[in-house]
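Student: Before I ask anything, let me first share the structure, which is written out below as structure tokens.
The values are calculated or read from the model by the stated rules, or taken from the named source; none is laboratory data. No experiment lies behind these values; they were computed from the predicted model shown. Neighbour counts run over all protein chains shown; Cβ positions are idealised from the backbone, glycine included.
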Amino acid sequence: MSTLLSLQGCTVRFGGLTAVSGLDLKIGPHDLAGLIGPNGAGKTTVFNIITGVYRPTCGSITLGDKAIAGMKPNRIAGLGIARTFQNIRLFASLSVFDNVRAAFNLRLKHGFSHALFRFPAFYREEADVDRQVMELLDIFDLGRHRDVLCKNLSYGDQRRLEIVRALATRPKLLLLDEPAAGMNPTEKEALTRLVRFIKEKFEIAVLLVEHDMKVVMGICERIFVLDHGVKIAEGNPGEITKNSKVIEAYLGEQPPEAGTADA
Amino acid sequence: MARTISLLRRSHPEKVGLRQWQAWEHGNMSGTEFFQQLINGVSLGAFYALIALGYTMVYGVLRFINFAHGDVFMIGAFAGYWLTPKLMPHFPGAWMPVGVCVVLLTAMALCAGLGIVIEKLAYRPLRSRPKLTVLITAIGVSLLLEYGGQYLFGPDPKSFPDLITDSALEGTGALTITRSQIIAVGVTAALLAALSFIVKRTKLGLAMRALSNNPTAAALMGVNLDTVISFTFGLGSALAGAAGILWAISNPSIDPLMGILPGIKAFVAAVLGGIGNLPGAAVGAVLIGVVETFVGGSSFSSYRDAIAFSVLIIILLFRPAGLLGKAQVEKV
Amino acid sequence: MSRYLRSKKVWLLLAVLGSALLSRFSGAINEYYLQVIIFVGINITLAVSLNLINGYTGQFSLGHAGFMAVGAYTASIVTLGVPLPLVTYPEPSAALFARLLGALVLAFDHAVNAVLWVANSGVAAVHGLPLVLQFVVALVAGGILAALTGLLVGVPSLRLRGDYLAIVTLGFGEIIRVVIQNTDAIGGARGYSGIPNYTTFFWAYAVAAATIYIVVSLIDSTYGRGFLTVRDDEVAAEAMGVDTTKYKVVAFVLGAFFAGIGGGLYAHTTTYINPAGFDFQRSIEIVIIVILGGMGSTPGVAFAAVLLTVLAEYLRFVAGYTFLPTWLRQLAANRTIIYALVLIALMLLRPQGLFGGLRAFGASATRKVPKAA
């Protein structure tokens with residue numbers, strides 16, 4: 001199996017607190033992987049080091065054959081990693097259309113000078129972007145909300161729009177941070193189908209962080225379990241449900257400590 | 001000194017560089033002069049400390065820079081200007097020190113009230129709005145106090161009445177230490193001690209610290225945010241008011257725009273010490289005061305007011321958490 | 001699509017031609033009114049360019065007057081054509097410490113003089129040109145120097161946000177002012193006078209039109225949406241591959257460039273400039289225009305520039321109306337109080353500005369997409 005993303009011995013410390021320690025992780029180009037763990041296990045921190053928001057204290061991260069640890073987030077996005085956020089972070093003052101359009105920024109051939117001088121090539125590219133944005137929006141049934149300000153969308157639509165925006169950067173790997181948070185069972189069902197659909201349609205790998213075991217078990221083919229920043233198990237859903245360490249971490253002989261970094 | 005140099009610059013611009021040069025070369029700053037500048041710097045720093053504490057406290061609880069704080073300092077000076085002729089005649093002879101205290105405390109109370117009113121009318125309705133909105137409002141309040149002051153008191157400088165007769169102390173050898181300097185440093189020290197008591201030992205002080213640590217948790221634990229924020233504004237403004245009077249005693253010419261520069265320098269001091277950090281603000285203020293005095297005494301005196309900004313830019317670029325502050329990681 | 005092409009470039013052309021045409025008739029207007037009308041044009045340039053930084057990119061700058069000062073002084077030096085005096089070198093000295101320091105000072109002085117020499121030869125060369133070209137070169141030179149200053153200020157903006165950035169830009173503006181105040185070659189605190197009166201109606205409005213064209217075309221493109229994402233959510237913007245650093249620097253450099261040109265125009269209509277004219281209050285005046293117009297709305301800001309400039313002049317008249325009570329006349333004379341009240345009231349009641357958030361003023365300028373999609 002070839003590897004798309006690999007983390008080797010990644011450790012993140014904030015002051016005296018170790019959020020993630022010695023993490024190894026491998027994701028193939030067509031994987032549907034899940035990262036689970038109790039509150040404060042360091043899941044979002046893993047996302048943040050993969051996307052360049054934080055630099056790992058030590059360890060290496062490679063995407064394809066490029067070392068990306070410590071690169072700026074926008075460069076990592078350019079190399080093919082896109083993400084959504086736990087607490088939706090859309091561009092609040094922009095319309096649905098513009099939210100997605102902004103993500104095309106990355107792949108623009110023409111920049112500043114073309115926007116100023118407006119040669120025919122500029123209009124060709126803009127028309128091309130418009131078409132692609134609409135295509136994407138229509139695939140996810142957001143086309144009819146094109147001109148709506150994104151803050152006026154329903155919660156479910158906002159989550160979906162955030163995924164569309166991430167897809168607009170044409171990623172090889174899509175990171176979803178708690179995509180099912182705040183959804184009802186029907187919506188979760190739809191989300192499960194959506195993620196599978198994205199993987200098939202765009203032929204990309206997906207890594208998601210999720211609390212809801214049902215969603216994770218329903219979507220993921222490969223699961224990593226984190227507890228206190230350490231990977232305690234890895235395998236397919238069947239293996240994970242039987243793993244005694246996982247059961248202990250979740251149900252525990254003692255309640256898991258609260259208040260550790262899940263930044 | 002500053003004037004001589006600028007005059008010289010006008011008549012013989014080419015000579016100034018040379019003069020500066022010779023001063024350097026002969027190392028003509030004597031030990032006495034050095035200590036003199038140090039004393040002046042520390043007493044200047046005392047004013048800045050009183051103002052800086054207000055910036056830092058408000059930042060601690062609200063995470064915002066109260067642009068109008070320097071103008072509360074100006075109001076303090078004007079309160080003294082207005083109160084002195086009204087109150088001092090009641091305290092003749094030996095009662096004079098009591099009178100000074102009464103004037104000081106009344107002015108502080110007025111400023112505290114002003115601070116509380118400003119917070120209540122201008123900042124409280126905006127508490128959940130974007131920071132920029134509050135910042136713009138603060139600029140508005142600052143302009144309102146400055147130019148409203150000009151409108152009410154007139155734009156010309158007023159001469160502050162002799163609250164205490166300022167004179168140089170005797171028996172200090174070659175050094176000049178004035179009475180106002182002693183009073184400024186003494187009052188500052190007393191107020192700092194009182195502040196430290198309030199913050200560390202009282203319930204409201206505890207609530208203030210809780211709020212600056214984690215507002216949500218503090219509110220959940222039953223801390224009344226409105227009360228604590230009002231209290232913080234009141235406390236900070238009272239200190240600024242005291243600074244205003246002390247300032248006016250040693251620089252008796254007061255005008256409605258007098259708060260701008262000391263305000264900015266005190267702000268720089270707060271950032272230098274680590275904003276939100278009370279001892280840091282005091283340390284930063286003394287440093288700024290000393291640096292300013294030394295620069296003011298050198299041939300670069302006309303750049304004196306640019307120094308504070310340069311210091312600010314350098315700190316923010318290289319150590320944004322300040323000298324005593326801790327770096328914070330932004331949550332994503 | 002070609003309809004689109006027509007609209008923006010043709011509008012710019014029409015605006016420039018229109019200003020040229022109207023400029024022909026400017027002799028017919030009272031000189032004072034003409035001056036106010038020219039100020040309106042300059043303020044449009046200043047406010048629209050500040051709006052790129054403060055409104056569209058969300059970087060709150062309080063130092064626009066500083067950029068303006070750089071442009072005003074540079075342009076005036078070029079059109080006046082009086083060579084700047086070179087720095088005199090210090091005499092060598094004996095003490096070791098002083099010798100080391102002296103070497104540094106000497107090197108610095110040599111560098112300064114090299115720059116001055118280049119500048120003086122440049123100015124001398126420009127003076128062989130016709131007056132119109134001299135003026136254009138002067139304005140552009142002012143713009144470029146201001147843009148370089150903008151680059152200097154833009155760099156800290158990469159690490160600072162909100163209040164801190166505001167106060168640092170304020171600081172840069174003040175430092176620029178203090179430096180000018182202490183530079184005798186350009187008049188120091190006394191100011192710089194005798195600047196030729198080159199700014200006509202045409203120049204004020206052609207530049208305003210060009211500024212509006214540039215800001216609007218920039219924002220109305222996929223590239224330009226990047227500015228808005230920086231304002232809305234920097235972390236999300238970076239995660240979507242937007243190079244936020246580049247956008248902030250571009251905003252500061254371009255904003256400063258036009259502030260510099262605006263400063264040049266200003267100097268060539270007042271014919272006298274001094275450092276006090278470019279203080280914090282001047283920056284605040286431009287900020288107020290932007291806030292009143294609605295941050296991130298170019299038409300709103302341009303309209304507010306007209307409104308506030310005319311209002312400020314009108315208040316001068318009000319201050320002179322003897323039938324009004326004294327307190328009212330004094331209030332009118334002290335217009336900063338009115339600005340302050342407007343600011344506070346706006347923030348409490350309508351933070352998006354008078355015209356921001358209105359569709360007619362380009363609130364969410366979503367482009368029409370071909371229906372074929």
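Student: Could you tell me whether region A:150-163 includes any residue that is outside any helix (DSSP H, G or I) and at the interface with another protein chain (Cβ under 10 Å from one of its Cβ atoms)?
Tutor: Quick first cut of region A:150-163, residues outside any helix (DSSP H, G or I) only: A:153-154.
Then drop every residue that is not at the interface with another protein chain (Cβ under 10 Å from one of its Cβ atoms), which leaves none.
No, region A:150-163 contains no residue that is outside any helix (DSSP H, G or I) and at the interface with another protein chain (Cβ under 10 Å from one of its Cβ atoms).
Student: Sort through B:V228, B:V199 and tell me the only one that's in the same structural domain as B:Y151 (by TED's automatic domain parsing), buried (at least 22 other Cβ atoms within 10 Å of the Cβ) and within 15 Å of B:V61 (Cα to Cα). Even if it seems obvious, please write down each step before you answer.
Tutor: Values: B:V199 fails: buried (at least 22 other Cβ atoms within 10 Å of the Cβ).
On inspection, the qualifying residue turns out to be B:V228.
Student: Of the residues A:A102, A:A77, which single one is facing chain C (nearest Cβ under 8 Å), farther than 30 Å from C:I212 by Cα and either surrounded by fewer than 20 Cβ atoms within 10 Å (Cβ to Cβ) or of a type outside the set (D, E, K, R) (or both)? Let's see the steps before the verdict.
Tutor: Details: A:A102 fails: farther than 30 Å from C:I212 by Cα.
That would be A:A77, the only listed residue that is facing chain C (nearest Cβ under 8 Å), farther than 30 Å from C:I212 by Cα and either surrounded by fewer than 20 Cβ atoms within 10 Å (Cβ to Cβ) or of a type outside the set (D, E, K, R) (or both).
Student: Are any of the residues in region B:34-41 outside the structural domain of B:N214 (by TED's automatic domain parsing), free of Cβ contacts under 8 Å to residues at least 12 places away in the same chain and assigned to a helix (DSSP H, G or I)? Give the steps one after another, and end with the answer.
Tutor: From region B:34-41, those outside the structural domain of B:N214 (by TED's automatic domain parsing) are B:34-41; that's our starting set.
Filter once more, keeping what is free of Cβ contacts under 8 Å to residues at least 12 places away in the same chain: B:34.
Next cut, assigned to a helix (DSSP H, G or I) only: B:34.
Yes: one or more hits.
Student: Considering only region A:14-55, state which residues are farther than 12 Å from A:H228 by Cα and basic (K, R).
Tutor: The answer is A:K26, A:R55.
Student: At least 3 residues that are among the hydrophobic types (A, V, I, L, M, F, W, C) in each: list the helices (runs of 4 or more DSSP H) lying fully within region C:1-73 that qualify.
Tutor: Working: elements: C:2-5, C:11-24, C:31-51.
In region C:1-73, the matching helices (runs of 4 or more DSSP H) lie at C:11-24, C:31-51.
Student: Would you confirm whether or not region C:188-201 contains a residue that is assigned to a helix (DSSP H, G or I) and surrounded by 24 or more Cβ atoms within 10 Å (Cβ to Cβ)?
Tutor: Step one: filter region C:188-201 for residues assigned to a helix (DSSP H, G or I), giving C:188-190, C:201.
In the following step, the residues that additionally are surrounded by 24 or more Cβ atoms within 10 Å (Cβ to Cβ) were identified as none.
No, every residue in region C:188-201 fails to be assigned to a helix (DSSP H, G or I) and surrounded by 24 or more Cβ atoms within 10 Å (Cβ to Cβ).
Student: Here's something else I'd like to know. If you scan region A:29-47, which residues turn out to be more than 18 Å from A:L167 (Cα to Cα) and either exposed (fewer than 15 other Cβ atoms within 10 Å of the Cβ) or within 14 Å of chain C (Cβ to nearest Cβ) (or both)?
Tutor: A:N39, A:T44
Student: Sticking with this one: Residue by residue through region C:18-41, note down the ones that are among the aliphatic types (A, V, I, L, M) and at pLDDT 90 or above. Spell out how you get there, then give the answer.
Tutor: Within region C:18-41, the first condition is being among the aliphatic types (A, V, I, L, M), and the residues that meet it are C:20-22, C:28-29, C:34, C:36-38, C:40.
Residues satisfying the conditions are C:L34, C:V36, C:I37, C:I38, C:V40.
Student: Give C:L315, C:L324 a once-over and let me know the one that is in a helix (DSSP H, G or I), aliphatic (A, V, I, L, M), more than 18 Å from the chain's Cα centre (by Cα) and surrounded by fewer than 22 Cβ atoms within 10 Å (Cβ to Cβ). So that I can check it myself, show each step before the final result.
Tutor: Working: C:L324 fails: in a helix (DSSP H, G or I).
Only one candidate passes the filter, namely C:L315.
Student: Mind listing whichever residues of region A:197-215 are under 15 Å from the mean Cα position of the chain (by Cα), buried (at least 21 other Cβ atoms within 10 Å of the Cβ) and not in a loop (DSSP other than H, G, I, E, B)?
Tutor: Correct list: A:I198, A:A205, A:V206, A:L207, A:L208, A:V209.
Student: Pick out, from region B:156-274, the helices (runs of 4 or more DSSP H) lying fully within it that include 1 or more residues that are free of Cβ contacts under 8 Å to residues at least 24 places away in the same chain and hydroxyl-bearing (S, T, Y). Write out each step before concluding.
Tutor: Details: elements: B:179-201, B:203-213, B:215-220, B:225-250, B:260-273.
The helices (runs of 4 or more DSSP H) meeting that bar are B:215-220, B:225-250.
Student: State which residue is nearest to the other protein chains (Cβ to nearest Cβ) when the search covers only region C:205-255 and only residues that are more than 21 Å from A:F104 (Cα to Cα) and among the small types (G, A, S). Steps first, please.
Tutor: Keep residues of region C:205-255 that are more than 21 Å from A:F104 (Cα to Cα), which gives C:205-214, C:252-255.
Checking the rest, the ones that are also among the small types (G, A, S) come to C:206, C:208-210, C:255.
Working: C:A206: 17, C:A208: 17, C:A209: 14, C:A210: 11, C:G255: 14 Å.
Among residues in region C:205-255 that are more than 21 Å from A:F104 (Cα to Cα) and among the small types (G, A, S), the one nearest to the other protein chains (Cβ to nearest Cβ) is C:A210.
Student: Which condition number does B:P161 fail, the rest of (1) over 28 Å from C:A319 (Cβ atoms); (2) modelled with pLDDT of 90 or more being met?
Tutor: Status for B:P161: all satisfied but (2).
Student: Quick check on this structure: which one of C:A185, C:A210 is aliphatic (A, V, I, L, M), more than 21 Å from the chain's Cα centre (by Cα) and surrounded by fewer than 24 Cβ atoms within 10 Å (Cβ to Cβ)? Give the steps one after another, and end with the answer.
Tutor: Values: C:A210 fails: more than 21 Å from the chain's Cα centre (by Cα).
From the options C:A185, C:A210, the qualifying one is C:A185.
Student: Another one. Out of the residues in region C:114-155 that are surrounded by fewer than 18 Cβ atoms within 10 Å (Cβ to Cβ) and within 13 Å of chain B (Cβ to nearest Cβ), which is farthest from the chain's Cα centre (by Cα)?
Tutor: C:V155
Student: Is region B:77-95 home to any residue that is within 14 Å of chain C (Cβ to nearest Cβ) and outside any loop (DSSP other than H, G, I, E, B)? Reasoning before the result, please.
Tutor: Step one: of region B:77-95, the residues within 14 Å of chain C (Cβ to nearest Cβ) are none.
No: region B:77-95 contains no residue that is within 14 Å of chain C (Cβ to nearest Cβ) and outside any loop (DSSP other than H, G, I, E, B).
Student: Just need a number here: residues in region B:62-99 that are in contact with a strand residue (DSSP E or B) (Cβ under 7 Å, 6 or more places away or on another chain) and either of a type in the set (F, W, Y) or outside the structural domain of B:L132 (by TED's automatic domain parsing) (or both).
Tutor: So in region B:62-99, the residues in contact with a strand residue (DSSP E or B) (Cβ under 7 Å, 6 or more places away or on another chain) come out as B:77-78, B:81.
Imposing the further condition that a residue be either of a type in the set (F, W, Y) or outside the structural domain of B:L132 (by TED's automatic domain parsing) (or both) reduces the set to B:78, B:81.
Within region B:62-99, residues that are in contact with a strand residue (DSSP E or B) (Cβ under 7 Å, 6 or more places away or on another chain) and either of a type in the set (F, W, Y) or outside the structural domain of B:L132 (by TED's automatic domain parsing) (or both) number 2.
Student: OK, next. Looking only at residues in region B:125-148 that are surrounded by fewer than 22 Cβ atoms within 10 Å (Cβ to Cβ) and of a type in the set (G, A, S), which one is nearest to the other protein chains (Cβ to nearest Cβ)?
Tutor: Result: B:G148.
Student: For region C:328-351, does any single residue satisfy the condition of being away from chain B (no Cβ under 14 Å), under 25 Å from the mean Cα position of the chain (by Cα), over 30 Å from C:V216 (Cα atoms) and without any contact (Cβ under 8 Å) to a residue 40 or more places away in the chain? Before you say what the answer is, go through the steps one by one.
Tutor: Of region C:328-351, the ones away from chain B (no Cβ under 14 Å) are none.
Checked region C:328-351: no residue is away from chain B (no Cβ under 14 Å), under 25 Å from the mean Cα position of the chain (by Cα), over 30 Å from C:V216 (Cα atoms) and without any contact (Cβ under 8 Å) to a residue 40 or more places away in the chain.
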